Amino acid sequence: MPALPRAAMLLVPAAALLMGVAGCASVVDVDPAQDAANARCAEVMIALPPTVAENEQRDTNSQATSAWGDPSKVVLRCGVDVPGPTTDPCVTVNDVDWVVREGDPAWTATTYGRDPAVEVLFDPDDVASSTVLVELGDAVARVEQTRACVGLADATPAPSGG
């Protein structure tokens, strides 16, 4: 059996050390959404960016979920219940409509008019909502939008004249 070159012998322990360090990173425990097995969620998941709001993506323990930051600053779940008409604020960011619910401390932004819906949880004191929604927009846009947010003026019928 040929002997390994000296440089290769030095790389083997270094590679083992790196794999051991990577194995120490904790997996984020995220409950899967009810419709996480939806094929359109797979399209979203493969398009997710490796960083969000300058936080690195981490492994999660369930299908159609992702998290960024250690500890987690942003958590995403695909396949959540599709929101119906609501009085909660709805914002459009780069052609993606989001229903935003302020919590303490985490806020929840859920795509509106897309099935399956994608939910993002984040603390606005840690990451800016505008940054999170912009950086995740391309991935969630893989699910076709069939309805759009409307304002009160758009939803209220005009008075009839006469």
Members of segment 32-65 that are in contact with a helix residue (DSSP H, G or I) (Cβ under 6 Å, 6 or more places away or on another chain) and either within 18 Å of Pro83 (Cα to Cα) or crowded, with 17+ Cβ neighbours inside 10 Å (or both) = Val44, Leu48, Val52, Ala53, Ala64
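Would you check which residues across segment 120-145 are surrounded by fewer than 12 Cβ atoms within 10 Å (Cβ to Cβ) and either at pLDDT below 95 or touching an Asp or Glu at 6+ places or on another chain (Cβ under 6 Å) (or both) and list them?
Residues of segment 120-145 that are surrounded by fewer than 12 Cβ atoms within 10 Å (Cβ to Cβ), as a first pass: 125, 144.
Across segment 120-145, the qualifying residue is only Asp125.
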message = Could you list, ordered by first residue, the pairs with Cβ atoms under 7 Å in which the first is in segment 32-49 and at pLDDT 95 or above and the second is among the β-branched types (Val, Ile, Thr), at least 6 apart or interchain?
response = Pro32/Thr65; Ala33/Val80; Arg40/Val143; Val44/Val118; Val44/Val140; Val44/Val143
task = Answer yes or no: is there a residue in segment 132-145 that is out of contact with any helix residue (DSSP H, G or I) (no Cβ under 7 Å at 6 or more places or on another chain), part of a loop (DSSP other than H, G, I, E, B) and more than 17 Å from Asp31 (Cα to Cα).
result = yes
note = Of Pro83, Pro105, Pro71, Pro49, the only residue that is closer than 21 Å to Val28 by Cα, touching a Phe, Trp or Tyr at 6+ places or on another chain (Cβ under 9 Å) and part of a loop (DSSP other than H, G, I, E, B) is Pro49
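Please verify whether Arg77 is within 18 Å of Glu135 (Cβ to Cβ), modelled with pLDDT of 95 or more and not in a loop (DSSP other than H, G, I, E, B), treating the condition exactly as stated.
Values: within 18 Å of Glu135 (Cβ to Cβ): yes; modelled with pLDDT of 95 or more: yes; not in a loop (DSSP other than H, G, I, E, B): yes.
Taking the combined requirement at face value, the residue satisfies it.
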task = Go over the candidates Asp123, Asp95 one by one and state the one that is closer than 23 Å to Gly69 by Cβ and out of contact with any Gly (no Cβ under 6 Å at 6 or more places or on another chain).
result = Asp123
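With the requirement that a residue be assigned to a strand (DSSP E or B) and either touching a Cys at 6+ places or on another chain (Cβ under 9 Å) or in contact (Cβ under 8 Å) with a residue 60 or more places away in the chain (or both), what does segment 52-64 give you?
Within segment 52-64, the first condition is being assigned to a strand (DSSP E or B), and the residues that meet it are 52, 55-58, 60.
Those that are assigned to a strand (DSSP E or B) and either touching a Cys at 6+ places or on another chain (Cβ under 9 Å) or in contact (Cβ under 8 Å) with a residue 60 or more places away in the chain (or both): Val52, Asn55.
The values are calculated or read from the model by the stated rules, or taken from the named source; none is laboratory data. Because the structure is predicted, anything quoted here is derived from the model rather than measured. Please note: Cβ atoms are built from the backbone with ideal geometry, for glycine as well, and neighbour counts cover all protein chains shown.
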